[in-house]
DNA sequence: TTGTAAGCGTTATCAC
DNA sequence: GTGATAACGCTTACAA
């Protein structure tokens, strides 16, 4: 078992000083070619690798960034992480993933432990609990310490920082119009409580589209689902009590569950009822019939967010204006809706 | 913007030495209660947090562990990560997630960059390419450096280290028997090429079950799928050319895609054809009809693996015997198979 | 061309 | 009870 070797050892073995070794390894012009060769050969032979921790301490930068997300068992977040990872690696950074599990407390802990030197900056999507509480002191704190923060997807206006979002209201608006143009008139909405920023915006887009098309908004058709546990029940009671010809879910799960319910009630899709979901994931793709969805381009979102953070990390002048990037969405027409 | 404060600053402000501050913060009995109170109050007020990097350098341990997985956009891996994260956090460790994207080269790079001080140990599931190449020098190298490695799910006999696996052969064996007892006779298998260890074992279990039940193995019913791209085509041609009454997929995607094909050919499920998949994810749960699957308990696998690694990190005596933990699977009977 | 020394933030040893 | 000093592994003025 050959332990990791340090500059100190190289110096001792080669009978030169540590700084000579350091310079030689960095090809400093100060050092003679002879010494450089000797040192580098030795280093290579013993598979010398500089110690990242020591470098971090010296340089006051770790080349690590932290991503704090509410949940990882979620296709959209998983795509975002892939995007972040890809871009960060490309730019020489490692990614530390932290899960808040939708908990405010865990989000705070994650932020605090990471902020103590482990990373250079944060990428964060708010937990539900944090959004409900509207308590953002932990975010302000890291920002005040001079640590860059980029928020994505689930963001807050109350925090002044770089952001990457989906244009949820518009995406939703377009989707509902799409349904209307395909011949639907009574469109049910399966959404989240309003404290979830994206749910709120998608609800807004839904309402605006109806308004603009002169369709009256029927609050009975708007179902707010808090947790997956209550999803089935709420969907069933919607089918029991209301009449409608389309369902728009603010995520793919909601739409797919509604579609199953329709299926089991013998409805023909999309002729008798259409379905659209948000966030194109495997569920949508492999549902039967396959689900028309709003594609959110999570991978791109991750890339953009990572790029934004790293740009800020590597620009020296502290720019105090913040950027907000909006990722375009698109509708992927599949089998669950009628062609327009 | 109040920058992070260090012990040095506290010492200067309070007019004591740095070592006094250090001891006071650690409640050393050497220090007078007075000083302790003073220092701690000051530290609290300025929100002092010890710098992790400095601690890592000093203690030669980072309290970070790296997980290297082939893909994150995959429910099973995502569950494993959640389990790892939960357990690691509980035991005071952070998790750095690295994606190999099924590439040998990226796996090597991940290992190398992480091994240079950033982490205390590895959790790894092999990339497909690595399994195909059977080149494990990078793993041997980190092990030789004295860095603990725990492999999970996609493991190799050639590497001597702790492992956590599913008993794939047995799980598969049981599943096929389950199908047979439910009345199926000709069971098609959708599997991976043999270099994917889990695919190979599941194929083995399938064959053994048939043998033990006196059913002849028909190689035409065994379809090996390398990538998702070729999945659809291979499934279609299976349906075109063979007769069978059940499909067993070595993952949920394979099973669901086959089920869709059956659906679109008007087959009645499960009366005319049964379906079972491996790895219970959202696809299985929300498929129509819902898919009977082998539950792999990824979360537990993650927890076990993390626990194993951290146990090794924190035990002083270098135990040179390695543990292999097998996670039990179970069959979750849903709508896609007939009751036994 | 090479070496010395200080410093990054912390802890541990040893003196005072 | 308190403080100097060395050490972790590395870089970088500054000296020699």
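Which one is nearest to the other protein chains (Cβ to nearest Cβ) among residues in segment A:14-30 that are closer than 27 Å to residue B:120 by Cα and part of a helix (DSSP H, G or I)?
Among them, the one singled out is A:25.
The set of residues from segment B:141-156 being within 14 Å of chain A (Cβ to nearest Cβ) and within 20 Å of the chain's Cα centre (by Cα) comprises B:142, B:143, B:147, B:148, B:149. Among the residues of segment B:1-20, those that are within 7 Å of DNA strand C (Cβ to nearest atom) and within 24 Å of residue A:145 (Cα to Cα) comprise B:6, B:7, B:8, B:18. Considering (1) modelled with pLDDT of 95 or more; (2) outside any helix (DSSP H, G or I); (3) touching a strand residue (DSSP E or B) at 6+ places or on another chain (Cβ under 7 Å), the lone condition that residue A:271 does not fulfil carries the number (3). Taken as a whole, the condition of being in a helix (DSSP H, G or I), within 21 Å of residue B:170 (Cβ to Cβ) and out of contact with any helix residue (DSSP H, G or I) (no Cβ under 7 Å at 6 or more places or on another chain) does not apply to residue B:285. For segment A:10-30, which residues satisfy the criterion of being surrounded by 14 or more Cβ atoms within 10 Å (Cβ to Cβ) and within 11 Å of DNA strand D (Cβ to nearest atom)? Matches in segment A:10-30: A:10, A:11, A:18, A:20, A:21, A:22, A:23, A:24, A:25. For segment B:275-292, a tally of residues being within 14 Å of chain A (Cβ to nearest Cβ) and under 22 Å from the mean Cα position of the chain (by Cα) returns 8. Considering only residues of segment B:31-90 that are more than 31 Å from the chain's Cα centre (by Cα), outside any helix (DSSP H, G or I) and within 9 Å of DNA strand D (Cβ to nearest atom), which is nearest to the other protein chains (Cβ to nearest Cβ)? That would be B:31. Has segment B:157-180 got at least one residue that is within 14 Å of chain A (Cβ to nearest Cβ) and more than 30 Å from residue B:244 (Cβ to Cβ)? Looking through segment B:157-180, at least one residue is within 14 Å of chain A (Cβ to nearest Cβ) and more than 30 Å from residue B:244 (Cβ to Cβ). Taking helices (runs of 4 or more DSSP H) as the structural unit, those lying wholly within segment A:101-214 and holding at least 3 residues that are farther than 26 Å from residue B:82 by Cβ correspond to A:137-144, A:168-181, A:197-212.
Exactly one residue among A:61, A:8, A:3 is out of contact with any strand residue (DSSP E or B) (no Cβ under 9 Å at 6 or more places or on another chain) and touching a residue at least 60 places away in the same chain (Cβ under 8 Å), and that residue is A:61. Looking at the structure I just gave you, is residue A:113 buried (at least 18 other Cβ atoms within 10 Å of the Cβ) and free of Cβ contacts under 8 Å to residues at least 60 places away in the same chain? It is true that residue A:113 is buried (at least 18 other Cβ atoms within 10 Å of the Cβ) and free of Cβ contacts under 8 Å to residues at least 60 places away in the same chain. Name every residue in segment B:39-87 that is within 16 Å of DNA strand C (Cβ to nearest atom) and over 28 Å from residue B:150 (Cα atoms), in order of residue number. Hits for segment B:39-87 are B:39, B:40, B:42, B:43, B:44, B:45, B:46, B:47, B:48, B:49, B:50, B:51. Can you name every residue in segment B:41-90 that is surrounded by fewer than 16 Cβ atoms within 10 Å (Cβ to Cβ) and more than 26 Å from residue A:53 (Cβ to Cβ)? Correct list: B:41, B:44, B:45.
Among the residues examined, residue A:32 does not qualify as within 15 Å of DNA strand C (Cβ to nearest atom) and in contact (Cβ under 8 Å) with a residue 60 or more places away in the chain. The one condition from (1) assigned to a helix (DSSP H, G or I); (2) assigned by TED's automatic domain parsing to the domain that holds residue B:199 that residue B:266 does not meet is (1).
The values are calculated or read from the model by the stated rules, or taken from the named source; none is laboratory data. Predicted model only: the values in this text are computed from it and were never measured. Backbone-built Cβ (ideal geometry, glycine too); neighbour counts: all protein chains shown.
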